[in-house]
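**Student:** Below is a structure I'd like to ask you about.
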Amino acid sequence: MDIPHRFESSTQAPGQARHQVASDLNAFSAELVSRACLVVSELVTNSVVHGPAVGSPRIDVVVRVLDGVLRIEVANGLQPFRFERGLPPPDSLTGRGLSVVEGAADRWGIEDGARTCVWAEFNGAAGVGLGGKG
């Protein structure tokens, strides 16, 4: 089952997405919900900060559970990019978001196409449906 959401690219989008995903996952463990909300907040923030100012001012979030795995996808109009592992210099105020995603998710990746999609997967979603449906 997929639950799609669309948010306008704005400073409110990360909080809106986090709230919506928490609602979608209300039947899951608090630990899983916390990790998923952290990841969706980071990915949507990246979309707002690094996304295009014109052309695709929307951010699409899809929440999916399949075979006991929770998958969250965040897509926008970003141009393809390459993630370089490692942390930025200690005095940098930015550049840690995908490292946070890497630490919180069990798996994650980037799919480049017409829109960039960053996805994250979490184990431990067996037997529970989205929105409390099992």
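The values are calculated or read from the model by the stated rules, or taken from the named source; none is laboratory data. Quick caveat: nothing in here was measured; it's all calculated off a predicted structure. We place every Cβ from the backbone using ideal geometry, glycine too, and count neighbours over all the protein chains shown.
**Student:** Before we move on, is Leu78 at pLDDT 90 or above and either part of a loop (DSSP other than H, G, I, E, B) or closer than 19 Å to Glu102 by Cα (or both)?
**Tutor:** Answer is no for this residue.
**Student:** Next question, about the same structure. Can you run down the residue pairs with Cβ atoms below 7 Å, 6 or more apart or on separate chains, where the first is in the range 1-12 and at negative phi and the partner is in a loop (DSSP other than H, G, I, E, B) and crowded, with 16+ Cβ neighbours inside 10 Å?
**Tutor:** Listed by first residue and then by second, the contacts come to Ser9/Gly51.
**Student:** Tell me, yes or no, whether the range 8-20 has at least one residue that is closer than 19 Å to Asp112 by Cβ, assigned to a loop (DSSP other than H, G, I, E, B) and polar (S, T, N, Q).
**Tutor:** Within the range 8-20, one or more residues are closer than 19 Å to Asp112 by Cβ, assigned to a loop (DSSP other than H, G, I, E, B) and polar (S, T, N, Q).
**Student:** So Asn26 passes all but one of these: (1) at pLDDT 85 or above; (2) under 16 Å from Ala120 (Cα atoms); (3) in a loop (DSSP other than H, G, I, E, B). Which condition number does it fail?
**Tutor:** With (1) at pLDDT 85 or above; (2) under 16 Å from Ala120 (Cα atoms); (3) in a loop (DSSP other than H, G, I, E, B) applied to Asn26, the lone miss is (2).
**Student:** Taking the range 89-125, which residues are exposed (fewer than 15 other Cβ atoms within 10 Å of the Cβ), in a loop (DSSP other than H, G, I, E, B) and either at pLDDT 90 or above or not charged (D, E, K, R) (or both)?
**Tutor:** Selection gives Pro89, Pro90, Ser92, Leu93, Thr94, Gly95, Asp106, Gly113, Ala114.
**Student:** List, please: which pairs have Cβ atoms under 7 Å, are six or more places apart or on different chains, and start with a residue in the range 94-105 that is within 11 Å of Glu42 (Cα to Cα) and among the basic types (Lys, Arg) and end with one that is modelled with pLDDT under 80 and part of a loop (DSSP other than H, G, I, E, B)?
**Tutor:** Arg96/Leu87; Arg96/Pro88
**Student:** One residue is enough: does the range 36-47 have a residue meeting the conditions at pLDDT below 90, within 14 Å of the chain's Cα centre (by Cα), under 20 Å from Glu111 (Cα atoms) and among the hydrophobic types (A, V, I, L, M, F, W, C)?
**Tutor:** For the range 36-47, residues at pLDDT below 90, within 14 Å of the chain's Cα centre (by Cα), under 20 Å from Glu111 (Cα atoms) and among the hydrophobic types (A, V, I, L, M, F, W, C): absent.
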